[in-house]
Amino acid sequence: MKQTIKQAIAGSSADYTEIRIERRWLNRVLFQKEKLETLESATELGGIVRCLKNGGWGISVFNDLTNLSKHVREATQMAAIVAAATSEPVVLADVPTVEEEVRVELEHDFRDVPLQRKVELTQSYNGIILGESSEIVATQVQYVDRFAEITFANSDGTYLVQELPDITLLLGAAASDGKGDIQQGMETIGQAGGFEWVEGMEDRAQIAAKRAVAMLDAKPVVGGQHTVVLDPMLAGVFIHEAFGHFCEADFLFKNPRLAKIMALGNEFGMADLQVVDEGYIPGGRGNVPYDDEGVRREKTQLIKDGHLHSLMHSRETAAKMGAQPTGNARAVSYEYEPIVRMTNTYIENGTFSFEDMIKDVERGVYAVDAYGGQTEFEQFSFSAAYAYEIVNGEVGGLLRNVVLSGNLFETMRSIDAIGTDLKISGGVGGCGKGGQNPLPVTTGAPHIRIRNVTIGGK
Ligand SMILES: [Zn+2]
């Protein structure tokens, strides 16, 4: 394989040539109510050639690996056509060449676990949720494992083989009061790890079911401006979705107004605010030893002491902005070219304990976990999975319909306390951008407190 790839690259007439070949394994088990809704077990093999000729990109995607040279020629021809039609030739920032094999060792390799066992485990969690209460009316319990072996080589001389494991478990419950009110409870687990991560989650299944039932008695939140404490999961989703995507350099090229706001050195929050994107943390779903351009992972400080410190780059955006590549060029699969993506993105620890954060809040909201959100440039809107009221410095009863919204930059400046309990979660699914979805990432934060957040009832 190595020789064939190297020969195909050596025979290329392009200015730059890269070949990425991926072998992927996937297993998916989904139970809804009592029913096994989906059972999928797939392997896939494919590749992509990307060539740069006269400053234009050309690509060729294929499943048949027998004639790599043909795909190199196709990509080069396309690149020449693109180059002739483009006014801004692409330049790539220089990076060190590497030759390395990065193999993973999983404690309990999920590839050795029979599919039957995966079905039984998923079914057992589903049974726990269904059995928790007669008010449980629906479940969604999904197990997914993925394993990718990626071979990457380019005409600079880099040759890499790396393995990326990914395992996720979704434990979802829906409860009904029989009068039309339906509430959810959800727990998620996501790791770049082995089967051991999804075993022994009976208590988490029970927690999801109990929360769905408890939410039936939750009070609707009173809309308005609130002091809000976000738990590490919701704060992590916030920093990824509302802020992180703006730090992807390719996004800024398309948005001159935001590019101005996102100028390095601009102030975004309190001096205690540190935000990073890190290409490796143990078990992190966003881990990429090398990105899909063969660039070694980095720890990129996006916000340092409250100021924008650096952006995330591919080789192309780095050259364009006179910056260093940061190992953030990622593709969701061999069918796509890499674009600038996050990896493991989190807010670093501050100085506040959770107790200190809430003790002087007379009335506020403690919002936990996210059921997804929307962003429209700097306007965001996130639904908390559940929430509690804060009354006279203490956590009180459950609240429902907590939807946080506002202007990202005003909201970041209104963060006035950052906790010491950083937690990073993989969740399930992943990040979507440019039609490439779901890309495994993790997000995290300690608890954070934000003043004057708009909360609307649903
Ligand atoms: Zn995202």
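Over the range 2-215, the pair-distance histogram of Cα-Cα distances with 5 Å bins from zero comes to 1, 7, 13, 13, 11, 9, 8, 8, 8, 8, 7, 4, 2, 0 percent, rounded to whole numbers. For the chain, the longest principal axis of the Cα atoms and the long axis of helix 115-132 meet at an angle of about 20 degrees.
In the chain, the sites counted are GluC sites (Glu not before Pro) in DSSP loop states with at most 10 other Cβ atoms within 10 Å, and the longest stretch holding none of them, exclusive of the sites, is 108-361. Summary of the geometry: the range 272-349 and the range 109-126, compared by the centres of their Cα atoms, lie 33 Å apart. In percent, rounded to a whole number, the relative contact order of the range 152-302 is 22, using alpha-carbon pairs under 8 Å and six or more apart. Strictly greater than 16 Å: what percent of every Cα pair in the range 338-436 meets that? Summing the P(r) tail past 16 Å for the range 338-436 gives 70 percent.
If the Kirkwood radius is taken over C-alpha pairs of the range 12-83, then at 25 °C and 0.890 mPa s the Stokes-Einstein diffusion coefficient equals 175 µm²/s. Under the rule a/c < 1.5 gives rounded, and otherwise a/b versus b/c splits prolate from oblate, where does the range 192-248 land using the Cα gyration tensor? Oblate shape, in that a/c is at least 1.5 and b/c is the bigger or equal ratio. Cα axis of helix 202-215 to longest principal axis of the chain: angle in degrees, 0 to 90, nearest 10? Long axis of 202-215 versus the principal axis of the chain: about 60 degrees.
In this entry, the range 395-458 is assigned a mean projected area of 6.4 nm², taken as a quarter of its C-alpha convex hull surface. Note: relative contact order over the range 2-215, using C-alpha pairs below 8 Å and six or more positions apart, is 21 percent. Of all DSSP beta bridges confined to the chain, the antiparallel ones make up roughly 90%. The share of alpha-carbon pairs in the range 219-456 lying farther apart than 22 Å comes to 50%. Using alpha carbon centroids, what distance separates the range 174-224 and the range 42-79, in Å? What the calculation gives is 45 Å, centre to centre. Could you give the angle, 0 to 90 degrees to the nearest 10, between helix 68-84's Cα long axis and the longest principal axis of the Cα atoms of the chain? That works out to roughly 80 degrees.
Here the contact order of the chain, divided by its residue count and restricted to Cα pairs under 8 Å and six or more residues apart, works out to 15 percent. Out of every Cα-Cα pair that the chain contains, those further apart than 37 angstrom amount to 32 percent.
Note that the range 13-55, at 25 °C in a medium of 0.890 mPa s, gets a Stokes-Einstein diffusion coefficient of 180 µm²/s from its Kirkwood radius over C-alpha pairs. Taken along its three principal axes, the alpha carbon spread of the range 86-184 comes to 64, 43, 17 Å, from the longest extent down to the shortest. Helical runs (DSSP H, four residues minimum) scored at -39500 (n - 2.57) apiece and divided by the length of the chain put the mean residue ellipticity at 222 nm at -6000 deg cm²/dmol. For trypsin sites (Lys or Arg not before Pro), the sites in the range 216-277 that DSSP calls loop and that have at most 10 other Cβ atoms within 10 Å are 254. Against the empirical curve 2.2 N^0.38 Å, the C-alpha radius of gyration of the range 116-270 lands at a ratio of 1.45.
Throughout, read-outs are computed from the coordinates displayed, never taken from laboratory work. All values reported here derive from a predicted model rather than from experimental measurement. Neighbour counts are summed over all protein chains in view; Cβ atoms, including those assigned to glycine, are modelled from backbone coordinates with ideal geometry.
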